[in-house]
Amino acid sequence: VKPMPLSPIDPLSPTVSADPRGSHALEMRVREIEEENRTLRRQLSQSHAHKPPHGRHSNQSRTYSTEEGTGDNEGQRSGAPGNSTDCAQHPPVDKCETIHVAIVCAGYNASRDVVTLVKSVLFHRRNPLHFHFITDSIAQQILASLFHTWMIPAVRVDFYDADELKSEVSWIPNKHYSGIYGLMKLVLTKTLPSALERVIVLDTDITFATDIAELWAVFHKFKGQQVLGVVENQSDWYLGNLWKNHRPWPALGRGFNTGVILLLLDRLRKLKWEQMWRLTAERELMSMLSTSLADQDIFNAVFKQNPFLVYQLPCFWNVQLSDHTRSEKCYKDVSDLKVIHWNSPKKLRVKNKHVEFFRNLYLTFLEYDGNLLRRELFGCPSKADHNSENLQKKLSELDEDDPCYEFRRERFTVHRTHLYFLHYELEPTSDSTDVTLVAQLSMDRLQMLEAICKHWEGPISLALYLSDAEAQQFLRYAQGSEVLMGRANVGYHIVYKEGQFYPVNLLRNVAMKHVNTPYMFLSDIDFLPMYGMYEYLRKSVVQLDMANTKKALIVPAFETLRYRLSFPKSKAELLTQLDMGTLFTFRYHVWTKGHAPTNFAKWRTATTPYRVQWEADFEPYVVVRRNCPEYDRRFVGFGWNKVAHIMELDAQEYEFVVMPNAYMIHMPHAPSFDITKFRSNKQYRICLKTLKEEFQQNMSRHYGFAALKYMTAENNS
């Protein structure tokens, strides 16, 4: 059997006669040879079905089945008379047929990368989708939260614990950077539900440029014992000539790339796939000692022994963008592209003639607003989602003619949330005194992150309110910062923008929910804690028996109007700057009531913690146990967001204790958009007053007689 051309644009013959009669004769001869080859390939595949292959063949050998419609020259033959009826026999994918996609995903970086793949699939899709994620505990937490808050119609997601599968493949030595997770596609027949008959398997570094239903339809072209659809490898790796003594695993010709695989699971199980790949791997490892390309090496070794299993997909279903590949032969035009595979460790920095085009396509989905993908599939009744139904019910109960409708609606808005956007590690302390700093921010406060990290060496939990494009800007900023990259104990949680208000209390709740220490310091991004604050608070929670009492430790707040401040290294230095007018008590000029109960006059001379009472509009920054009440989501933008929380702590009988040797300083910045709206928009202020009154009424109903003081307290906010 002669080798098939790599791609649809490879010429069948290097030279064509200028004589029309010669051209016609040549064309007829080519068709005859093609027909003979098809017949021979069918005979070979049938013989392979009954007879095991004998011996080992060189990787240059191409004696494997590429039945009609299975090779990369499929595009060339599509115009031949013998193919028209063949195409007509393949029914298109039903309008509401569910397409199943399996992806192995582990760790923080892969969880971030896979989102771009999912976006590209969602952008083009017209069918219901069912994602099957094989994940470690980290990826499952991140992706489960993301899809839960994304609320995409006609998309179902299931997770399978990769840790339970490790024993299945841990015996295979693997040099590939994907580690043990790079071997888990081998056990999909065992992992995925037994009722699942077929699935598309994808690497996380894939980008779709077409509807995935087109790839799903290729299953109809499988013939005989073909059970796996793959694209030929576009590098010379398996040819064994990349360097001296280069010895790859056995493969058919160039071998196949496993970044995109079509699996007929039911038939693979009947063929005893588990036993097949294990025996092959055991045999090859006796001489190869380890895999270099993870599962791909073992798949190829199996294909070498059992070529009749393979359906060769056209190469545009996996355009491989690693260095020195033949990927350029897979496409003539943009319209030819189907799937792009960034299968080089260099990813976007790979060398390729058209890499700028591919990079722009990738960046389009990377920065695409994921909220726009929450579109319904018309004509396909999707399974009722309990969360979605509840949300619709709550929204329907709101009065759209209410002048404060937008404020009330924001309370029920579900914001897409990506937890742990960057790598995160926390070494738990042995004494259970650890404290996490909690804050929230938007893009205009990024510059505060490095300064806070220098002032606070303990864990930090941050919620960032960003668009998809801004999230990528933040990623580039963080990766370019030695300070931020040097800190693994900072959890960055992206809450994606939606609606017209800044959901300050939702952000605080997200950051609080993902605190992994017993205590948390509820701060704001514009404040720098004093040097040594982390260790000071850890000692204080022990001294004040925080584990067994309901206390909120108050950190006195100050501010400066100077962008360049010589930050005080002690309380004595701070008092000097306070007396000189370099520092002020926080909001002294505009909102004295917010921090007056801290009693700064007493604090100046205090050497031991002292208790203060709640007063109207009190909004200090506090250290509390992790299980304290959440912030009330009805307060968005500017006004009463912290006041309501402190009121709730008081209602739950928290004791407010001021720390005598702790302080934090607010750094100057331009006024936020929300405070500008509050000051300029009368309706904004009216709605805030209405929400405040409703909150006080709710407090009274919930806490009874003890909450009457909140109703009667003088409130001038």
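Before moving on, here are some points about what is shown:
- Segment 299-322 - residue that is part of a strand (DSSP E or B) and at pLDDT below 90 and, of those, surrounded by the fewest Cβ atoms within 10 Å (Cβ to Cβ): 320
- Selection within segment 542-563: residues that are hydroxyl-bearing (Ser, Thr, Tyr) and surrounded by fewer than 16 Cβ atoms within 10 Å (Cβ to Cβ). The member of this set that is modelled with the highest pLDDT is 549.
- Counting residues in segment 457-477 that are touching a residue at least 60 places away in the same chain (Cβ under 8 Å) and over 28 Å from residue 150 (Cα atoms) gives one or more.
- Looking only at segment 113-132, residues that are surrounded by 20 or more Cβ atoms within 10 Å (Cβ to Cβ) and either aliphatic (A, V, I, L, M) or assigned to a helix (DSSP H, G or I) (or both) come to 10 in all.
- The set of residues in segment 133-151 that are touching a residue at least 60 places away in the same chain (Cβ under 8 Å) and either open to solvent by 20 Å² or more (accessible area, probe 1.4 Å) or out of contact with any Leu (no Cβ under 6 Å at 6 or more places or on another chain) (or both) comprises 138, 141, 145, 146, 148, 149, 150, 151.
- Wholly within segment 598-697, helices (runs of 4 or more DSSP H) carrying at least 3 residues that are over 30 Å from residue 570 (Cβ atoms): 641-651, 673-680
- With respect to (1) open to solvent by 20 Å² or more (accessible area, probe 1.4 Å); (2) more than 26 Å from residue 266 (Cα to Cα), the lone exception for residue 155 is condition (2).
- Only residues that are in a loop (DSSP other than H, G, I, E, B), closer than 26 Å to residue 176 by Cβ and modelled with pLDDT under 70 were counted in segment 323-370, giving 10.
- Candidates 463, 478 - the one that is buried (at least 23 other Cβ atoms within 10 Å of the Cβ) and closer than 27 Å to residue 120 by Cα: 463
- Taking (1) surrounded by 17 or more Cβ atoms within 10 Å (Cβ to Cβ); (2) out of contact with any Pro (no Cβ under 9 Å at 6 or more places or on another chain); (3) small (Gly, Ala, Ser) in turn, residue 566 satisfies each apart from (1).
- Selection status of residue 549, out of contact with any Phe, Trp or Tyr (no Cβ under 6 Å at 6 or more places or on another chain), among the polar types (S, T, N, Q) and farther than 19 Å from residue 656 by Cβ: no
- Only one entry of 495, 483, 515 meets the criterion of being among the β-branched types (Val, Ile, Thr) and without any contact (Cβ under 8 Å) to a residue 40 or more places away in the chain, and that entry is 483.
The values are calculated or read from the model by the stated rules, or taken from the named source; none is laboratory data. Because the structure is predicted, anything quoted here is derived from the model rather than measured. All Cβ positions, even for glycine, are placed from backbone atoms using ideal geometry, and neighbour counts span all protein chains on display. Each accessible area value is taken on the protein alone, full model and side chains, heavy atoms only, with ligands, DNA and RNA left out. Shrake-Rupley method; radii C 1.70, N 1.55, O 1.52, S 1.80 Å.
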